[in-house]
Amino acid sequence: MSFTLPELKYDYNALEPHFDARTMEIHHSKHHAGYTNNLNNAIKGTEFEGQSIETILQTPNLPAVIRNNGGGYYNHCLFWDVLSPAPNNGSDETISLIEKNFGSCDAMKEQFSKAAMTRFGSGWAWLCVKNGELSICSTPNQDNPLMDSGCGGTPILCLDVWEHAYYLNYQNRRADYINAFWNLVNWSVVDSRLKACL
Ligand code: MN3
């Protein structure tokens, strides 16, 4: 049994003008496919073969090749899932937890955007659930909150801030890419992921 590159629920051009088709195609069919293949090759014949991706990522002191490619596999699966060409609003339950933990939805977005903006080099920004509360963090490279270095929460929303995610369309303007992301969030997926953690 091995990991499979998930098919997107939308076309490569469906997220335009916010995320352009060429970036989406390269990001999914080259980068994410690469992480998936490298992960499968790295776990072949090891104790990790047949384990869930969550179990693998929660293993302390993972070999670097499994950490990097396993993170790359998992992080992009979540990323594609929380994007939508027809963005929607969060449920009343999600919104009231955001308001409880951050003061307002705008304050949450501001804190998340800041985490994404201030991540030096390549990495990710995350909205996580831990003990029924929401929190925001960022991780370097393809690390994620599930790993031994992570916040220990379960991620329910993420943003890729590697340059490969935005450079063709936004060049050095990471802030514009982050702002564009908020036009694409599939909050009903975030709602379900949150519900599963409560
Ligand atoms: Mn990426």
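If the Cβ limit is 6 Å and pairs must be 6+ apart or interchain, which residue in region 49-60 that is part of a loop (DSSP other than H, G, I, E, B) pairs with which residue that is not aromatic (Phe, Trp, Tyr)?
Glu49/Ile43; Gly50/Met1; Gln58/Leu146; Pro60/Asp148
Please determine whether any residue of region 72-84 is farther than 19 Å from Pro6 by Cβ and touching a Phe, Trp or Tyr at 6+ places or on another chain (Cβ under 6 Å).
The answer is no; no qualifying residue exists.
So if I check each of Asn13, Asn88, which one is away from the ligand (no atom under 16 Å from the Cβ) and either aromatic (Phe, Trp, Tyr) or in contact with a Ser or Thr (Cβ under 7 Å, 6 or more places away or on another chain) (or both)? Don't jump to the end; show me each part of the working.
Numbers: Asn13 fails: either aromatic (Phe, Trp, Tyr) or in contact with a Ser or Thr (Cβ under 7 Å, 6 or more places away or on another chain) (or both).
Sole residue among the options that is away from the ligand (no atom under 16 Å from the Cβ) and either aromatic (Phe, Trp, Tyr) or in contact with a Ser or Thr (Cβ under 7 Å, 6 or more places away or on another chain) (or both): Asn88.
Taking into account only those residues within region 1-57 that are of a type in the set (Gly, Ala, Ser) and surrounded by 14 or more Cβ atoms within 10 Å (Cβ to Cβ), which is farthest from Asn179 (Cα to Cα)?
Within region 1-57, the subset of a type in the set (Gly, Ala, Ser) is 2, 14, 21, 29, 33-34, 42, 45, 50, 52.
Okay, now just the ones that are also surrounded by 14 or more Cβ atoms within 10 Å (Cβ to Cβ), so 14, 21, 33-34, 42.
Working: Ala14: 17, Ala21: 18, Ala33: 26, Gly34: 27, Ala42: 36 Å.
It comes out as Ala42.
Which residue pairs have Cβ atoms under 8 Å apart, sit 6 or more places apart or on different chains, and have a first residue in region 168-183 that is closer than 11 Å to Met117 by Cβ and surrounded by fewer than 17 Cβ atoms within 10 Å (Cβ to Cβ) and a second that is aliphatic (A, V, I, L, M) and modelled with pLDDT of 95 or more?
Ala175/Met117
Asn13 passes all but one of (1) out of contact with any helix residue (DSSP H, G or I) (no Cβ under 6 Å at 6 or more places or on another chain); (2) without any contact (Cβ under 8 Å) to a residue 40 or more places away in the chain; (3) within 18 Å of Leu168 (Cβ to Cβ); (4) in a loop (DSSP other than H, G, I, E, B); which number fails?
(1)
From (1) assigned to a loop (DSSP other than H, G, I, E, B); (2) surrounded by 15 or more Cβ atoms within 10 Å (Cβ to Cβ); (3) among the β-branched types (Val, Ile, Thr), pick out the condition that doesn't hold for Ile66.
Of (1) assigned to a loop (DSSP other than H, G, I, E, B); (2) surrounded by 15 or more Cβ atoms within 10 Å (Cβ to Cβ); (3) among the β-branched types (Val, Ile, Thr), only one is false for Ile66: (1).
Taking Asn61 and the conditions (1) surrounded by fewer than 20 Cβ atoms within 10 Å (Cβ to Cβ); (2) on the phi < 0 side of the Ramachandran plot, which numbered condition does it fall short on, given that it satisfies the others?
Asn61 satisfies all of (1) surrounded by fewer than 20 Cβ atoms within 10 Å (Cβ to Cβ); (2) on the phi < 0 side of the Ramachandran plot except (2).
Every residue in region 107-142 that is surrounded by 21 or more Cβ atoms within 10 Å (Cβ to Cβ) and of a type outside the set (A, V, I, L, M, F, W, C), please.
Within region 107-142, Gly123, Ser138, Thr139, Gln142 meet the criteria.
For residues that are surrounded by 20 or more Cβ atoms within 10 Å (Cβ to Cβ) and more than 16 Å from the ligand (Cβ to nearest atom), tally how many sit in region 70-85.
Residues in region 70-85 being surrounded by 20 or more Cβ atoms within 10 Å (Cβ to Cβ) and more than 16 Å from the ligand (Cβ to nearest atom): 0 in total.
Condition check: in contact (Cβ under 8 Å) with a residue 40 or more places away in the chain, within 16 Å of the ligand (Cβ to nearest atom) and aliphatic (A, V, I, L, M). Does Leu97 satisfy that?
On the way: in contact (Cβ under 8 Å) with a residue 40 or more places away in the chain: yes; within 16 Å of the ligand (Cβ to nearest atom): no; aliphatic (A, V, I, L, M): yes.
Here the answer is no, as Leu97 does not meet what is asked.
Would it be correct to say that Asp176 is within 16 Å of the chain's Cα centre (by Cα) and under 23 Å from Pro87 (Cβ atoms)?
On the way: within 16 Å of the chain's Cα centre (by Cα): no; under 23 Å from Pro87 (Cβ atoms): yes.
Taking the combined requirement at face value, the residue does not satisfy it.
The values are calculated or read from the model by the stated rules, or taken from the named source; none is laboratory data. Owing to the predicted nature of the structure, the values given are computational and were not obtained by experimental measurement. With ideal geometry, Cβ positions are generated from the backbone for all residues, glycine too; neighbour counts draw on all protein chains shown.
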